[in-house]
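The values are calculated or read from the model by the stated rules, or taken from the named source; none is laboratory data. Just so you know, these numbers come straight off a predicted model, no measurement behind them. Here the Cβ is made from the backbone with ideal geometry for all residues, glycine too, and neighbour counts use every protein chain on show.
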Amino acid sequence: METRSTCPYCGVGCGVVIEHDGQQITGVRGDPEHPANFGRLCTKGQNLHRTASPMVIQGQRLLQVQRRAARGAALQPIEWDEANSHLVAELLRIHREHGPAAIGFYISGQLLTEDYCAFNKLARGVLKTPHIDSNSRLCMSSAVVGYKQSLGADAPPCSYEDVEQADCILITGANPAWAHPVLFRRLEVGRAKRPGQKLIVIDPRRTETAELADLHLQLQPGTDVALMHALLHACIWQGFTDADFIREHTEGFEALKELVREWTPARAAKLCGLKEAEIWQAAEWFARAPSSLSLYCQGLNQSSSGTAKNTALINLHLATGQIGKPGAGPFSLTGQPNAMGGRESGGMATLLPGHRDPANATHRAEVAALWGLGADEQLPGPGHTAMAMFEAAARGEIKALWIACTNPAQSLPDQALVRAALQRCEFVVLQEAFAGTATADFADLLLPAATWGEKEGTVTNSERRISRVRAAVPAPGQARADWAIVREAALRLDAALNPQRAPLFAATDSPEALWLEHRESTLGRDLDIGGLSYETLERSGPQQWPYQQSGKARLYTDHRFATPSGRARFIATPYRAPAESASAKFPLQLTTSRLRDQWHAMSRSGTVPGLFAHEGAPVLKLHPQDAARRRLQAGELLRLQSARGELVLPLALDAGVAPGQADLPMHWGSEFLAGAGINALTSGVRCPDSQQPELKFSALAVEPAQLP
Ligand code: SF4
């Protein structure tokens, strides 16, 4: 038998065909009809069926509800009914003793939109806690705020087909050759057919993506805003700006022009570690090409200046009129399969359903009415974002954390703080498909969840395309769909807390019912999907939002933006250095990066031995000059130290890492390494606008490890 679904890894959102016998998944292949991938899959996607093999399910999946009677005690198997009673009793106790804001939800861009809707309604509608955030905070919240500040709405304006239509592509802070492989393959094929296309890559490392570039700007980490300002300076100086577009469709150019006046290419070249001529060249190619597209991801977003980096790049598009036409626009790539769905359904501390704002009383009232809250009930305002929620837990303000489909005891930065927070919480619930994650060590209650191939719903990929995710086989053991786990608890909690009205989940009793409620939340909004249904997705395949009779491949083609004035805004934010800087004590600049064949904390990809063939173990990569200066040899064990923690790892020499810099793969946590893993070293400092942590910059010291 065959079932069409979507790959659960990256934001490219490739369609897959699952081969199965109704009980077991036996194979997977790319869906030739899916417009994201047209049948292609990368190595991770090609191996998906292996993550669903009986051996993996027996050995690596969480199959049984488990409860810890006391901290330090072993987890014991229990039944669902006992788990639900315990869960509800503990949440009600904490709600009664400390108020709703003592409960936090930390969820995931791996969840389906329907799961997000269920969690959001439980947290804000039933419990009235403002604290719900997602691990998407780590991957794209700077892009969200950047789009909103510059263009008025969180809506990536481009499509994948723009990669094939652009005359110039600027990739900055992204390594799609490894992190978005099928999209990168489209780029490679497109380039072969478009010989004049220019490719500029801005990245501190010489990545596989940079290898393909016509021009690689290997800048100093964290200096992106200065470089963007200098590119704009060069465009203005050379007369490459689009004066008509600026006059007719934008506002704020004069203030920005004043700001970038001082950012001459010569000055920026010095700060960024580049040649001045490279900046003039990049500006000319970008501005003078008939169409220029930028692709960007964590290298811009995971920064204490994440939003400023996004808006500085969008400034460049606006000043040169490179938006709203085929092959042009600022195109943020999402890391996770459904980071976009979380943004749309408002499952984050700074968002409400339908791109609404929790700080806006009218928006809160609209969502309260949609969900069926009583006239005397109000939704809470904005809550703690990811790191702030764990900081509040470490201070003892948040007493209960319900974590779903994510592994914060590995993936959040500053692990010492995160682990202290989990330890201090009175009640930690972990809803998870995989067994033995680092976070499970801190959980009082483990709830087994269904995963890819076993659940129904939708996801939205980077190009705003909504695809169905379908169940091919039943969930194993006691595992249940995430939305169903939430609904069961929500019905019981609602009956106890809000007996005066009908339960909020009475009618939302299926993925489709949740999706229809989500659809209603979008009506009249920029992401309106009023014309779309599960049936349309069944009949016509994946569709882009907004959708009435059809989807929209490209936004702002009429050059009318989503701001109150209809004009796009130039944002003039001065360059700020990263929060930390290299020093005598910590002389190296550490970045973290993804490997081609692994995914996040490796809960799923780590179950396939073949996926370790590309890179099998974590190593610290240094430039050979840095190793020679310190008399270090390849393979030697090093003690790595930041201001927050330390780690022992072997050294690898890599001339693609610039002198003075260091690179670590993000994937390894305490399940694989002694201590708290890679994020023992990284910093929880955040962008003030997006609250996205600066995972791409930590000051680091290395020395030979003295082993006992
Ligand atoms: Fe899956 Fe991304 Fe690979 Fe496509 S590119 S198969 S979505 S991991």
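Some notes on this structure:
- Number of positions in the range 200-222 that are surrounded by fewer than 20 Cβ atoms within 10 Å (Cβ to Cβ) and either modelled with pLDDT under 95 or not in a loop (DSSP other than H, G, I, E, B) (or both): 3
- Summed over the range 559-605, residues that are touching a residue at least 24 places away in the same chain (Cβ under 8 Å) and under 30 Å from P665 (Cβ atoms) total 30.
- Identity of the residue in the range 1-29, over 16 Å from V469 (Cβ atoms) and in a strand (DSSP E or B), that ends up farthest from the ligand (Cβ to nearest atom): T26
- Among the residues listed as D526, D494, the single one being touching a residue at least 60 places away in the same chain (Cβ under 8 Å) and not in a loop (DSSP other than H, G, I, E, B): D494
- Only one entry of T43, T51 meets the criterion of being of a type outside the set (D, E, K, R), surrounded by 24 or more Cβ atoms within 10 Å (Cβ to Cβ) and over 25 Å from C158 (Cα atoms), and that entry is T51.
Residues are listed down the side, and each one gets a yes or a no for (1) closer than 30 Å to S565 by Cα; (2) touching a residue at least 12 places away in the same chain (Cβ under 8 Å); (3) hydrophobic (A, V, I, L, M, F, W, C):
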position: H180; (1), (2), (3): no, yes, no
position: V189; (1), (2), (3): no, yes, yes
position: R205; (1), (2), (3): no, yes, no
position: L215; (1), (2), (3): no, yes, yes
position: G222; (1), (2), (3): no, yes, no
position: A234; (1), (2), (3): yes, yes, yes
position: F245; (1), (2), (3): yes, yes, yes
position: T264; (1), (2), (3): no, yes, no
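- Total residues in the range 164-186, condition part of a helix (DSSP H, G or I) and within 13 Å of the ligand (Cβ to nearest atom): 10
- Selected residue (only one of G684, G635 is under 18 Å from P221 (Cβ atoms) and assigned to a loop (DSSP other than H, G, I, E, B)): G684
- Every condition in (1) crowded, with 24+ Cβ neighbours inside 10 Å; (2) farther than 27 Å from F697 by Cβ; (3) not charged (D, E, K, R) holds for V144 except the one numbered (2).
- Every test in (1) more than 16 Å from the ligand (Cβ to nearest atom); (2) modelled with pLDDT of 95 or more is passed by R194 save one, and that test is (2).
- The set of residues in the range 30-58 that are away from the ligand (no atom under 11 Å from the Cβ), farther than 16 Å from V608 by Cβ and in contact with a helix residue (DSSP H, G or I) (Cβ under 8 Å, 6 or more places away or on another chain) is empty.
- Qualifying residue in the range 528-545 (condition: surrounded by 21 or more Cβ atoms within 10 Å (Cβ to Cβ) and within 16 Å of the ligand (Cβ to nearest atom)): yes
- Taking the listed residues V201, V189, the one that is aliphatic (A, V, I, L, M), under 28 Å from the mean Cα position of the chain (by Cα) and more than 16 Å from the ligand (Cβ to nearest atom) is V201, with no other qualifying.
- P511 over 30 Å from V685 (Cα atoms) and buried (at least 24 other Cβ atoms within 10 Å of the Cβ): yes
- Condition check for E454: part of a loop (DSSP other than H, G, I, E, B) and touching a strand residue (DSSP E or B) at 6+ places or on another chain (Cβ under 8 Å): no
- Residue match in the range 232-249 (condition: in contact with a Cys (Cβ under 9 Å, 6 or more places away or on another chain), surrounded by 23 or more Cβ atoms within 10 Å (Cβ to Cβ) and of a type in the set (V, I, T)): no
- Verdict on L170 being within 18 Å of Q322 (Cβ to Cβ), in contact with a strand residue (DSSP E or B) (Cβ under 6 Å, 6 or more places away or on another chain) and surrounded by fewer than 20 Cβ atoms within 10 Å (Cβ to Cβ): no
- Qualifying residue in the range 150-158 (condition: over 19 Å from A289 (Cβ atoms), away from the ligand (no atom under 16 Å from the Cβ) and assigned to a helix (DSSP H, G or I)): yes
- Among residues of the range 292-307, those that are of a type in the set (A, V, I, L, M) and part of a helix (DSSP H, G or I), counted: 1
- Taken together, A89, A52 contain a single residue that is free of Cβ contacts under 8 Å to residues at least 24 places away in the same chain, closer than 23 Å to Q478 by Cβ, out of contact with any Lys or Arg (no Cβ under 8 Å at 6 or more places or on another chain) and not acidic (D, E), which is A89.
- The listed residues are R424, R468, R364, R395, and the only one of them that is at pLDDT 95 or above, within 20 Å of the chain's Cα centre (by Cα), more than 26 Å from P77 (Cβ to Cβ) and charged (D, E, K, R) turns out to be R468.
- Test: residue in the range 124-133 that is under 28 Å from A601 (Cβ atoms), among the basic types (K, R) and more than 15 Å from the chain's Cα centre (by Cα): yes
- All of H614, H600 fail the test of being within 16 Å of the ligand (Cβ to nearest atom), part of a loop (DSSP other than H, G, I, E, B) and buried (at least 18 other Cβ atoms within 10 Å of the Cβ), apart from H600.
- The residues on offer are E432, E426, and the sole one that is among the acidic types (D, E) and buried (at least 20 other Cβ atoms within 10 Å of the Cβ) is E432.
- Only one entry in A243, A268, A234, A230 is within 29 Å of P624 (Cβ to Cβ) and modelled with pLDDT of 95 or more, namely A268.
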